[in-house]
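What follows is a single structure, written as structure tokens, with notes after it.
The values are calculated or read from the model by the stated rules, or taken from the named source; none is laboratory data. Note that this is a predicted model, so its numbers are computed, not measured. When we count neighbours, we look across all protein chains shown, and the Cβ atoms used for this are built from the backbone with ideal geometry, even at glycine.
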Amino acid sequence: MTRLYDQLGKLNVQHNITKQKRTRKGKARSQFDIVYGIIAKKYVECKYHGNGANVTFDDVSTFAAKLQLNNLSPRQGVMVTNTDYETRAKVYAHNTGIRLIDRQELIKLDWKRKHQLATLVKGPTKGFAGSLERRIMRYEA
């Protein structure tokens, strides 16, 4: 997942980040699978289910509690899975502002990543960028 976010052009992508916060009972530690961004950071929780089970309400609410414990807005939270989410989990995430990425959206993101990489390899060929590139090539020749 780290590579996917990095290749999609997200800035400052970090993997397996631990945040510590002091509480009355001592220190509380929270682990985030991926953190990206510079000013408006996003905190990503990945849920891989090899058996095809959907992500539960408890999983999403636990992630929301982890964000709240670290004084982070739920809108900074993103949960990714290779399956789908239970209906109750979708409703809860929608109401709190956590973004959910399911299998179908993950496939779309992967396609977008591949398309962006192919465009970088081929270079600009159409539109203004392509015509500008051709004019520069003629000028240099």
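So the values come out like this:
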read-out	value
Residue selected from the range 39-76 under the condition β-branched (Val, Ile, Thr) and at pLDDT 90 or above, by the criterion nearest to Leu4 (Cα to Cα)	Val44
Residues located in the range 61-78, provided they are surrounded by fewer than 13 Cβ atoms within 10 Å (Cβ to Cβ) and either under 14 Å from Leu100 (Cβ atoms) or of a type in the set (S, T, N, Q) (or both)	Thr62, Asn71
Selection count where residues are free of Cβ contacts under 8 Å to residues at least 40 places away in the same chain, in a strand (DSSP E or B) and surrounded by 11 or more Cβ atoms within 10 Å (Cβ to Cβ), scope the range 1-28	3
Flag for Lys42 being basic (Lys, Arg) and surrounded by 17 or more Cβ atoms within 10 Å (Cβ to Cβ)	yes
Residues being over 15 Å from Phe63 (Cβ atoms) and either of a type in the set (Asp, Glu) or in contact with a His (Cβ under 9 Å, 6 or more places away or on another chain) (or both) - total across the range 2-48	2
Single residue of Asp33, Asp58 found to be under 23 Å from Arg103 (Cα atoms) and assigned to a helix (DSSP H, G or I)	Asp58
Per-region count, the range 83-98, residues crowded, with 16+ Cβ neighbours inside 10 Å and not hydrophobic (A, V, I, L, M, F, W, C)	7
Which numbered condition Arg75 misses (of (1) over 21 Å from Leu106 (Cα atoms); (2) within 18 Å of the chain's Cα centre (by Cα))	(1)
Candidate set from the range 45-54 (those that are in a strand (DSSP E or B) and free of Cβ contacts under 8 Å to residues at least 40 places away in the same chain); member that is surrounded by the most Cβ atoms within 10 Å (Cβ to Cβ)	Glu45
Residue match in the range 75-85 (condition: touching a Ser or Thr at 6+ places or on another chain (Cβ under 7 Å) and either in a helix (DSSP H, G or I) or at positive phi (or both))	no
